[in-house]
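Read through the structure below, which is laid out as structure tokens, and then see the notes.
The values are calculated or read from the model by the stated rules, or taken from the named source; none is laboratory data. The model shown is predicted, which means the values in this text are computed figures rather than measured ones. Here Cβ is always computed from backbone atoms with ideal geometry, including for glycine, and neighbour counts include all displayed protein chains. These accessible areas exclude ligands, DNA and RNA; they are computed on the full protein's heavy atoms, side chains included. Shrake-Rupley method; radii C 1.70, N 1.55, O 1.52, S 1.80 Å.
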Amino acid sequence: MILVTGATGGLGHETIDALLTTTPATEIAALVRDASKATDLAARGVAVRQADYFDYPALVQAFRGIEKVLLVSAVAFSDRVAQHRNVIDAAKEAGVKHLFYTSIQRSSDFVMPEVTESDLATEAYLRASGLGYTILHNGYYFEGLAYLIGNEVPEAEIRVPAGEGKIAFIKRTELAAATATLLTSEGHDDQEYTLVGSEAYSFHDIAREFSKLAGRPIVYKSIEAAPYVAEKVAAGFPDFVATFFAQWGDAARHGMLAGTPNTAAQLLGRPTTPLREYLQATYFPGA
Ligand SMILES: NC(=O)c1ccc[n+]([C@@H]2O[C@H](COP(=O)([O-])OP(=O)(O)OC[C@H]3O[C@@H](n4cnc5c(N)ncnc54)[C@H](OP(=O)(O)O)[C@@H]3O)[C@@H](O)[C@H]2O)c1
């Protein structure tokens, strides 16, 4: 049986959706902390098990009879390492054979606060755990582009502190589908895969595509982190969130999100969604 954690969240739920296209529901379990948010999964025959990453005994109970676990990484600004260690230890105690962990892409040595530090610690702990493991270095979600540039078509200028950095954006549903393929196939023991978009795009590329789609000139201007944070705070984001967004820009600037190994496309059997298609569907629906 395969158990997916974070099953009430985006990636976890979409991975279960993908698993259900090839695998009987009786072989799938969902770990949630609030079962009332998982009634759709229960209705589809998925075994819903309840535990918080901080609740070790509940995790051990939830993992009984499970062969493979997909650990969807905990959210930033929480004690990610403590939560991940709990999940890994509980999986081992419950007799799980193999654990998959969703790390972030690391195509350069840049260490991003709140994300890469805890990924590195979790990965080291998992490698030493004695469990079979697979580490997924997931790319930056296309859906996260809006955090950096907003939900509206930019008026004339995109302002992000990302320099000339590129990002190999991938739709979260595509990551989920690729992950489901790995979960349901063999040969991934002690392996690491970078699952990212087929092409990496700079913010100049993004501005160029917006210009074509909007029919007016839109340019990219790389700005410093401080004014970027100030603009985001003025737009209503808390300071620590605005700073977090700026750090993603810094990660892009340092090449952390730019590599494009074609593993995700191979698992999907097609290239991933290109920038133009994503922008058109998201920012120009019905156009
Ligand atoms: N690659 C990227 O661009 C990117 C972007 C954002 C995040 N991430 C990382 O990837 C993960 C998955 O992304 P996502 O979009 O699916 O995030 P999401 O929609 O926020 O889902 C997070 C899931 O984790 C669960 N969770 C959080 N804390 C938990 C805890 N203490 N115990 C048990 N479950 C807990 C949440 O449960 P509830 O529903 O109960 O809250 C939710 O189901 C994130 O958690 C983050 O680490 C990656």
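A few remarks follow.
- Residues (touching an Asp or Glu at 6+ places or on another chain (Cβ under 9 Å) and open to solvent by less than 30 Å² (accessible area, probe 1.4 Å)) located in the range 147-162: Pro161, Ala162
- Selection of the range 77-117 for residues being among the β-branched types (Val, Ile, Thr), closer than 30 Å to Ala246 by Cα and outside any helix (DSSP H, G or I) yields Thr102, Ile104, Val111, Val115.
- Criterion applied to Ser108, Ser129 was being more than 14 Å from the ligand (Cβ to nearest atom), in contact with a strand residue (DSSP E or B) (Cβ under 9 Å, 6 or more places away or on another chain) and more than 22 Å from Leu268 (Cβ to Cβ), and the one residue passing it is Ser129.
- Candidates Ala252, Ala176, Ala226 - the one that is open to solvent by 70 Å² or more (accessible area, probe 1.4 Å), of a type in the set (Gly, Ala, Ser) and assigned to a helix (DSSP H, G or I): Ala226
- Within the range 65-105, the set of residues being within 9 Å of the ligand (Cβ to nearest atom) and touching a Gly at 6+ places or on another chain (Cβ under 7 Å) comprises Val72, Gln105.
- The range 132-167, residues that are away from the ligand (no atom under 14 Å from the Cβ) and part of a strand (DSSP E or B): Gly132, Tyr133, Thr134, Glu157, Ile158, Arg159, Val160, Lys166
- Selection within the range 229-246 - surrounded by fewer than 18 Cβ atoms within 10 Å (Cβ to Cβ) and at negative phi: Ala230, Glu231, Val233, Ala234, Ala235, Phe237, Pro238, Asp239, Phe240, Val241
- Beta carbons closer than 9 Å, at least 6 apart along the sequence or on distinct chains, pair a first residue in the range 131-143 that is open to solvent by less than 10 Å² (accessible area, probe 1.4 Å) with a second that is among the aromatic types (Phe, Trp, Tyr) and part of a loop (DSSP other than H, G, I, E, B) for Gly139/Phe169; Phe142/Phe169.
- Residues of the range 118-131 satisfying the condition of being in a loop (DSSP other than H, G, I, E, B) and polar (S, T, N, Q): Ser129
- Selection count, the range 36-48, where residues are within 11 Å of the ligand (Cβ to nearest atom), within 23 Å of the chain's Cα centre (by Cα) and open to solvent by 50 Å² or more (accessible area, probe 1.4 Å): 1
- Out of Ala25, Ala76, Ala18, sole residue that is among the small types (Gly, Ala, Ser) and surrounded by 18 or more Cβ atoms within 10 Å (Cβ to Cβ): Ala18
- Pair list, Cβ < 7 Å and 6+ apart or interchain, from the range 1-15 residues that are open to solvent by less than 10 Å² (accessible area, probe 1.4 Å) and more than 8 Å from the ligand (Cβ to nearest atom) to residues that are at pLDDT 95 or above and part of a helix (DSSP H, G or I): Val4/Gly12; Val4/Thr15; Val4/Ile16; Thr15/Ala176; Thr15/Thr179; Thr15/Ala180
Every residue, every condition in (1) open to solvent by 10 Å² or more (accessible area, probe 1.4 Å); (2) over 24 Å from Ser185 (Cα atoms); (3) touching a residue at least 24 places away in the same chain (Cβ under 8 Å), yes or no:
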site	(1), (2), (3)
Asp34	yes, yes, yes
Gln50	yes, yes, no
Phe54	yes, yes, yes
Leu71	no, no, yes
Val81	yes, yes, yes
Leu99	no, no, yes
Thr102	no, no, yes
Val111	yes, yes, no
Ala121	yes, yes, yes
